[in-house]
1. Among what's in region 284-295 and is touching a residue at least 12 places away in the same chain (Cβ under 8 Å) and not hydrophobic (A, V, I, L, M, F, W, C), pick the residue that is farthest from Ala128 (Cα to Cα).
2. Under 6 Å between Cβ atoms, at least 6 apart or on separate chains: pull out the pairs that start in region 230-247 with a residue that is farther than 14 Å from Ala122 by Cβ and in contact (Cβ under 8 Å) with a residue 12 or more places away in the chain and end on any residue that is among the acidic types (Asp, Glu) and part of a strand (DSSP E or B).
3. Being surrounded by 15 or more Cβ atoms within 10 Å (Cβ to Cβ), more than 25 Å from Met166 (Cβ to Cβ) and of a type in the set (A, V, I, L, M) is the requirement here; does Leu302 meet it?
4. Name the residues in region 99-118 that are in contact with a Pro (Cβ under 7 Å, 6 or more places away or on another chain) and either modelled with pLDDT under 95 or closer than 25 Å to Asp282 by Cα (or both), would you?
5. Condition (residue is in a loop (DSSP other than H, G, I, E, B) and either in contact with a strand residue (DSSP E or B) (Cβ under 7 Å, 6 or more places away or on another chain) or not assigned by TED's automatic domain parsing to the domain that holds Trp54 (or both)) applied to region 93-109: is it met by at least one residue?
6. If the requirement is being in contact with a His (Cβ under 6 Å, 6 or more places away or on another chain) and of a type in the set (A, V, I, L, M, F, W, C), which of these qualifies: Leu40, Leu83, Leu51?
7. Give Phe149, Phe141 a once-over and let me know the one that is out of contact with any Cys (no Cβ under 7 Å at 6 or more places or on another chain), outside any strand (DSSP E or B) and buried (at least 17 other Cβ atoms within 10 Å of the Cβ).
8. Confirm whether Val322 is of a type outside the set (Ser, Thr, Tyr), under 23 Å from Thr124 (Cβ atoms), surrounded by 17 or more Cβ atoms within 10 Å (Cβ to Cβ) and free of Cβ contacts under 8 Å to residues at least 40 places away in the same chain.
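The values are calculated or read from the model by the stated rules, or taken from the named source; none is laboratory data. Bear in mind that the values here come from a model prediction, so they are computed numbers and not experimental data. Note: ideal-geometry Cβ built from the backbone for every residue, glycine included; neighbour counts use all protein chains shown.
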Amino acid sequence: MTLTRRQIIKAAGAAVAMPAILRSGSAQAAEFTFKMHHFLPPVANGHSKFLAPWARKVEAESNGRIKIDIFPAMQLGGTPPQLFDQARDGVADIVWTLPGNTPGRFPLIEAFELPFTASRKAITNSKALQDYADANLKDEFKEVHPICFWAHDHGLIHANKQVSTMDDLKGLKLRFPTRLAGEALRALGVNAIGMPIPQVPESLAQRVIDGCVVPWEVVPSIKVQELVKFHTEIPGSPTFYTATFILAMNKAKYAALPADLKAVLDKNSGQAAASMAGQVWDEQAVVVSDMVKKRGNTITTLTPEEAARWRKATEPVIAGWVNAVKDKGHDGAKLLESVKALLAKYESA
């Protein structure tokens, strides 16, 4: 058979769009096939150690009736800030994204992203955030069906110069991940620049930025350890910042599932999925930090006194958020107290 030029182009396009994970035969033919979309490469820990195992677990427990094809690195098109709307509109069936990619759109989840609020541990942050979401975020995320929420472990400063004090931060161009992290960095004297994580490697290589603020888990997937040589830890809890995440599904696709398959998804949602994600982030923090040390990079830990200076300098960011959500009809102070209580609950668990 002779293929036409159009058929060849069509076949090539299909190959590019193929999901990163292909599956062998299931116990029975899939009744529902879902497209999961996210922004990290398939080598990233978030993909290989959480999203892919989670998808396989759902498939297995559905006896093959559910199939989830994963499209990393924005293979279905668009940009990372568009992922939430892709789930809402059905461009993708399931997405993994950061609410912080669309600053100001989800103000109540930002309570976990306030400076010196979150725990050093992802498992603590994730469990607390899931409880907080169940109690406070149903309206904020009503356009999708949330599968789970979680937040990563302590965020660090990675830069092309050593940062030991607040004075070392003055004028440094650092990429920030969330609106509130950006405000906190500015309060510390940083020239804070917002951008999605896929843009960070080239921006570091081209010296558009001097560094970035990310947790250890992200470092290898964007080669931060090769692009900068200095890393600054903030000791203890509460830590400088965390970012929140959501695994979300199109509402109509979830609603169309029969009750028994909804039960499979529900069993792998909420605290079950949040805990699974949190554990991955905590485990990888140890693995990656050890790898960076072996490379010979310099890891600096702030003194408790210096960390206290940073905490004091960023207090206006918290006050600003409380006032901003009050203007929208919410008691920010009460929400923040609930966050702290939930963190304390899981910190001691």
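1. Arg295
2. From region 230-247, no pairs qualify.
3. Against the criterion (surrounded by 15 or more Cβ atoms within 10 Å (Cβ to Cβ), more than 25 Å from Met166 (Cβ to Cβ) and of a type in the set (A, V, I, L, M)), Leu302 does not qualify.
4. Gly100, Asn101, Thr102, Ile109, Phe116, Thr117, Ala118
5. yes
6. Leu40
7. Residue meeting the stated conditions: Phe141.
8. yes
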